[in-house]
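Notes follow once the structure below has been shown.
The values are calculated or read from the model by the stated rules, or taken from the named source; none is laboratory data. This structure is a prediction, so every number in the text was calculated from the model and none was measured. Neighbour counts are summed over all protein chains in view; Cβ atoms, including those assigned to glycine, are modelled from backbone coordinates with ideal geometry.
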Amino acid sequence: MTAIKLASNENPFGPSPKAVAAMGQTLAATHLYPDNDARELRQKLAQRHGVQEEQVVVSAGSSELIAIICRALLKEGLNAVTSERSFIVYGMATKAAGGNFVEVPMRNNGFDLEGVADAVTPDTRVVFLANPNNPTGTIFDVDATDKFLTRIPGHVLVVLDEAYYDFAQHFATLRHLKYSHSLEYVYGDQNVIVLRTFAKAHGLAGVRVGYGIGPLELMKRLAAMRTTFSVSGLAQAAALAALEDEAHVARAVQNNAAEAERLCKELLKLGIHVAPTWANFLYCEIQEDAEEFADRLAAEGVLVRPLRSWGAPNAIRVTIGTPEQNNQFLSAFQRTIAGSRAL
Ligand SMILES: *Cc1c(COP(=O)(O)O)cnc(C)c1O
């Protein structure tokens, strides 16, 4: 039995075959530097999202753009505000830029937007909102976001990180809820950047490509701060092809929604309550030390993420896999839990 990795929220079906073919075609040209401006990809993204090309910055994953935002807007004495138990890169990038990192307590395992707005001071330059949140899988909806933004002063950039957009949008359709209209804020010239990535639903985590969309002048400034040639030709070709492969994304989000429901039911039978997720992973409170639990689960062939570093020592995050992977996870989980309860 080979171990399966359900620890980093990757697409269990792999990259789009169209992206693989496109990368194959660029292999023989890898002695050439890539297009530093990612012109073709930016044009396509701009068209798709109804913005100007210069409003789109393509980066080596959205993580690179998060780091650039922090370098551009923060320094000693200034701060970034987010929620506790959110994306780990926010704190790393803020501190690397010399800024203070302010984490607001959660409410029901999700962002407390009122609390975040209350924490904003004259020294705040950036607010990071992960929607859905990683690692808890929760969202805040359109009304909550609208209301939040009315409370945020213009000197603060709000980063709406929608790494799991396709999954959340699919859940929102099934659940009859309005998840996000984040681009409306950009159209309305608000101080908001929307982050998206090819790492999750599109299955391209390994080639490092993501993007942000925001106010024209700010995006020009951020584009100039990118590391030269940070997005490879392979990555650009893969992203362009992945954008055209809607069936691949649809397969991932449909499998994800069906399997999320099944996994939650099965885990509930084992006495594990999981909050409904809006992303491609489950946040599970397991009432015991999660690192130890994850080690024992790894010995059973399944890798998950224990969340001590997020301040949740008794929680794991497990990526929703293919039906076969999830079966393997469930039986490994069952054996591991049985082991704990026998102690
Ligand atoms: C995975 C993830 C990203 C994307 O990271 P990349 O650098 O594009 O791989 C961004 N934000 C959140 C919340 C994530 O979980």
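Which members of region 93-105 meet the condition of being surrounded by 15 or more Cβ atoms within 10 Å (Cβ to Cβ), over 20 Å from the mean Cα position of the chain (by Cα) and in contact (Cβ under 8 Å) with a residue 24 or more places away in the chain?
Residues satisfying the conditions are Ala97, Gly99.
Give me the pairs, please: first residue somewhere in region 263-278 and at pLDDT below 95 and assigned to a loop (DSSP other than H, G, I, E, B), second residue anywhere and buried (at least 16 other Cβ atoms within 10 Å of the Cβ) and of a type in the set (Gly, Ala, Ser), beta-carbon distance under 8 Å, and either six or more positions apart or on two chains.
Here the result reads Ala275/Gly137; Pro276/Gly137; Pro276/Ala260, each pair linking region 263-278 to a residue that is buried (at least 16 other Cβ atoms within 10 Å of the Cβ) and of a type in the set (Gly, Ala, Ser).
Please indicate, with yes or no, whether at least one residue in region 57-70 is away from the ligand (no atom under 16 Å from the Cβ), surrounded by 21 or more Cβ atoms within 10 Å (Cβ to Cβ) and outside any loop (DSSP other than H, G, I, E, B). Let's see the steps before the verdict.
We begin by selecting, within region 57-70, every residue away from the ligand (no atom under 16 Å from the Cβ); these are none.
No: zero hits.
Got a number for residues in region 198-237 being more than 23 Å from Ile320 (Cβ to Cβ), part of a helix (DSSP H, G or I) and within 14 Å of the ligand (Cβ to nearest atom)?
The number of residues fulfilling the criteria is 1.
Please work out if Gly24 is without any contact (Cβ under 8 Å) to a residue 40 or more places away in the chain, among the small types (Gly, Ala, Ser) and under 30 Å from Gln325 (Cα atoms). Before the answer, list the steps.
Details: without any contact (Cβ under 8 Å) to a residue 40 or more places away in the chain: yes; among the small types (Gly, Ala, Ser): yes; under 30 Å from Gln325 (Cα atoms): yes.
Answer is yes for this residue.
Is region 168-181 home to any residue that is of a type outside the set (D, E, K, R) and either closer than 18 Å to Ile69 by Cβ or touching a His at 6+ places or on another chain (Cβ under 7 Å) (or both)?
Narrowing region 168-181 to residues of a type outside the set (D, E, K, R): 168-174, 176-177, 179-181.
Add one more test, that the residue is either closer than 18 Å to Ile69 by Cβ or touching a His at 6+ places or on another chain (Cβ under 7 Å) (or both), and what stays is none.
No, region 168-181 contains no residue that is of a type outside the set (D, E, K, R) and either closer than 18 Å to Ile69 by Cβ or touching a His at 6+ places or on another chain (Cβ under 7 Å) (or both).
Within region 34-54, work out how many residues are crowded, with 24+ Cβ neighbours inside 10 Å and more than 16 Å from the ligand (Cβ to nearest atom).
0
Restricting attention to region 288-343, which residues are in a strand (DSSP E or B) and of a type in the set (Ser, Thr, Tyr)? Can you show your working first?
Initial filter on region 288-343 (in a strand (DSSP E or B)): 302-303, 305-307, 312-319.
Scanning region 288-343 gives a single hit, Thr319.
Which residue is surrounded by the fewest Cβ atoms within 10 Å (Cβ to Cβ), if the candidates are limited to region 71-92 and must be part of a helix (DSSP H, G or I) and within 16 Å of the ligand (Cβ to nearest atom)? Please lay out each step first, then the result.
Residues of region 71-92 that are part of a helix (DSSP H, G or I), as a first pass: 71-73, 88-92.
Subset that is within 16 Å of the ligand (Cβ to nearest atom): 71, 88-92.
On the way: Arg71: 16, Ile88: 13, Val89: 19, Tyr90: 26, Gly91: 19, Met92: 15.
Among them, the one singled out is Ile88.
Here are some residues: Leu149, Leu174, Leu183, Leu195. Which one is within 16 Å of the ligand (Cβ to nearest atom), on the phi < 0 side of the Ramachandran plot and among the hydrophobic types (A, V, I, L, M, F, W, C)? Talk me through it step by step, then tell me what you get.
Details: Leu149 fails: within 16 Å of the ligand (Cβ to nearest atom); Leu174 fails: within 16 Å of the ligand (Cβ to nearest atom); Leu183 fails: within 16 Å of the ligand (Cβ to nearest atom).
Sole residue among the options that is within 16 Å of the ligand (Cβ to nearest atom), on the phi < 0 side of the Ramachandran plot and among the hydrophobic types (A, V, I, L, M, F, W, C): Leu195.
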